[in-house]
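Enquirer: This structure is in structure tokens; I'll ask about it shortly.
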Amino acid sequence: MQLSDDDFTLFGLPQRHALDAAALADQWRALQSQVHPDRFASEGAAAQRLAMQWAVRVNEAYQRLKDPLRRGAYLCELRGVPINAEHNTAMPGAFLMQQMAWREALDDAADADAVEALDDSVAAQERRMLAQLTEALDGQGDTAAAAQQVRALMFVARFRDDMARRLSALDR
């Protein structure tokens with residue numbers, strides 16, 4: 001293992017979007033047991049600093065790999081297609097219309113039940129979009145389409161965050 005290894009290499013996993021979450025968690029625990037700074041307490045400050053760097057690196061990689069959206073973005077970047085979400089916000093018209101309809105539905109939601117029903121619908125669409133992302137990356141090897149899908153999923157994630165805030169406000 002090297003600190004510069006990509007996350008998949010670090011975890012001994014293939015560079016695929018479809019991952020076994022349990023295997024990923026098992027590998028994370030195994031890596032953490034190897035690099036945890038407490039294991040190096042008797043070896044001095046330098047060894048503990050290095051162990052801390054490793055522990056942070058393993059945790060960051062785990063957080064990136066366990067989240068399907070972050071994993072998709074990371075795979076796109078590894079394959080030479082950066083997401084550039086700050087500069088590339090172009091979306092298909094149908095997707096933008098869907099976003100507008102969701103926003104209007106959220107604005108019109110009178111109570112928590114209405115927001116939760118909308119969230120259920122959006123979550124189902126998000127699952128379909130994640131399946132399309134997996135197919136683009138693992139099945140078709142179409143990283144450009146995957147990057148577009150990641151950008152769209154980022155919009156969906158932000159909207160779901162907005163719905164969660166709205167639910168929280170309604171629960172008060």
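The values are calculated or read from the model by the stated rules, or taken from the named source; none is laboratory data. Because the structure is predicted, anything quoted here is derived from the model rather than measured. Neighbour counts are summed over all protein chains in view; Cβ atoms, including those assigned to glycine, are modelled from backbone coordinates with ideal geometry.
Enquirer: Could you tell me whether any residue of the range 86-106 is farther than 29 Å from Asp7 by Cβ, of a type outside the set (Phe, Trp, Tyr), in contact with an Asp or Glu (Cβ under 8 Å, 6 or more places away or on another chain) and in a helix (DSSP H, G or I)?
Expert: Yes, the range 86-106 contains a residue that is farther than 29 Å from Asp7 by Cβ, of a type outside the set (Phe, Trp, Tyr), in contact with an Asp or Glu (Cβ under 8 Å, 6 or more places away or on another chain) and in a helix (DSSP H, G or I).
Enquirer: Which members of the range 51-67 meet the condition of being within 12 Å of Leu10 (Cβ to Cβ) and touching a Phe, Trp or Tyr at 6+ places or on another chain (Cβ under 6 Å)?
Expert: Tyr62, Arg64
Enquirer: Residue under question is Ala61, and the condition is that it be under 17 Å from the mean Cα position of the chain (by Cα) and either assigned to a loop (DSSP other than H, G, I, E, B) or exposed (fewer than 13 other Cβ atoms within 10 Å of the Cβ) (or both); does it hold?
Expert: Judged against the criteria, Ala61 is not a match.
Enquirer: Please name all residue pairs, on different chains or six or more residues apart, with Cβ atoms under 8 Å, provided the first residue is in the range 45-68 and is within 22 Å of Asp20 (Cα to Cα) and the second residue is basic (Lys, Arg) and modelled with pLDDT of 95 or more.
Expert: Cβ pairs passing all conditions: Gln63/Arg70; Arg64/Arg70; Arg64/Arg71; Leu65/Arg71.
Results for (1) within 16 Å of the chain's Cα centre (by Cα); (2) within 30 Å of Glu135 (Cβ to Cβ); (3) modelled with pLDDT of 95 or more; (4) surrounded by 15 or more Cβ atoms within 10 Å (Cβ to Cβ), shown as yes or no for each residue.
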position	(1), (2), (3), (4)
Gln2	no, no, no, no
Asp7	yes, yes, yes, yes
Asp20	yes, yes, no, no
Met52	no, no, no, no
Val56	no, no, no, no
